[in-house]
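The values are calculated or read from the model by the stated rules, or taken from the named source; none is laboratory data. Please read all numbers here as calculations on a predicted model, not as lab measurements. Counting neighbours? That spans all protein chains shown, and the Cβs are built from the backbone with ideal geometry, glycine included.
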Amino acid sequence: MATTIKTSPELWGESAREFDMLAEENGKKPTPRLSSEEEKKLRDFFQRSREFIFPWQKNEN
């Protein structure tokens, strides 16, 4: 049994050249870095999300 493969849009002509040019320019930009304060906020957020208990689960414990 064969499955249908959806095609993805492709860029041609001027759109392709513009996309390629923008991708090359963006590739040369420095990678943004988080400050130590931002990293701490993210660590705290992830820790709280791991410890989160949904209200309907509180009654089960």
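For the stretch 1-52, the set of residues classified as modelled with pLDDT of 90 or more and either touching a Lys or Arg at 6+ places or on another chain (Cβ under 7 Å) or not in a helix (DSSP H, G or I) (or both) consists of K28, K29, P30, R33, L34, S35, F52, listed by residue number. Of all residues in the stretch 10-32, those satisfying the criterion of being at negative phi, more than 21 Å from the chain's Cα centre (by Cα) and loosely packed, with under 10 Cβ neighbours inside 10 Å are E10, W12, E14.
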